[in-house]
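Taking it in order: structure first as structure tokens, then the write-up.
The values are calculated or read from the model by the stated rules, or taken from the named source; none is laboratory data. Small disclaimer: the values here were computed from a predicted structure and weren't measured. Note: ideal-geometry Cβ built from the backbone for every residue, glycine included; neighbour counts use all protein chains shown. The accessibility values were calculated without ligands, DNA or RNA, using every heavy atom of the protein model including side chains. Shrake-Rupley method; radii C 1.70, N 1.55, O 1.52, S 1.80 Å.
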Amino acid sequence: MHACPILEARAVSFFYQSDKPVLQDLNLSIPAGARVAMVGPNGAGKSTLFLHFNAILQPTGGSLFFQGTAYDYSRKAVNRLRQKIGLVFQDQDMQLFAPTVLDDVLFGPMNMGCSLAEAEAAARHAVETVEMSEYLDEPVHFLSPGQKKRVALAGVLAMEPEVLILDEPTAGLDYAGSVNLCSIMDSLHKSGKTLIVSTHDMDWVMGWADMVVAMLDGRVVVTGTPEEVLL
């Protein structure tokens, strides 16, 4: 793991409504190459922070940094940022909209300006990474929740991000689906990606994460190793 943070939030605040902050004076530094588990009760602000990391939301106060450079919210810069920082939503149906698996995963690289041949190569590689190659021509709406989750992940991977953010990735999956997704995440980490995951599964966090970030009421209350934070 490198000392230089790949993602950083400095004094970030965010209000959906004028009187109630969802994030307040939040400070967080994510090292490159880390496996980070974000924990805390529902409503702690984890998903809102993820939407800030991916530049879907813009902070009301404070700043975010990627590889030491402050976020720029111009359309061109945001598009570039989203290629580097991929977000997989908790509800995979929010991310899947094309008729087939291949069409869906093609969307990202095509949107980045790749040629059809380049986009198809990237999409096929991403689908292979998530072990869904045999479903390339299948209609997305026929897939199981676990398969949909993997296709949503492939859609993000096709853009070759450096950071992968997964919001409750195993929610709604059976045991086999969870094990499968976790093994895919392990191989992605070995390939050099920084992984940031929100979860309520503390047993899994103990065995997987090298950094745990505990949130409460829109703030980071403690960061450290799983042993430091959870035991």
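Do we find that SER63 is closer than 27 Å to LEU230 by Cβ, at pLDDT 95 or above and open to solvent by 10 Å² or more (accessible area, probe 1.4 Å) in this structure?
No; evaluated as a whole, the condition is false for this residue.
Of all residues in region 99-137, which are touching a residue at least 24 places away in the same chain (Cβ under 8 Å), farther than 23 Å from ASN79 by Cβ and open to solvent by 20 Å² or more (accessible area, probe 1.4 Å)?
PRO99, THR100, GLU131, TYR135, LEU136, ASP137
Applying the selection to region 115-154, what residues are farther than 14 Å from LEU188 by Cβ, touching a Leu at 6+ places or on another chain (Cβ under 6 Å) and not in a helix (DSSP H, G or I)?
Within region 115-154, just LEU136 meets the criteria.
Please note which strands (runs of 3 or more DSSP E) are completely contained in region 1-77 and include at least 1 residues that are within 27 Å of GLY207 (Cα to Cα).
Answer list for region 1-77: 5-17, 20-31, 35-39.
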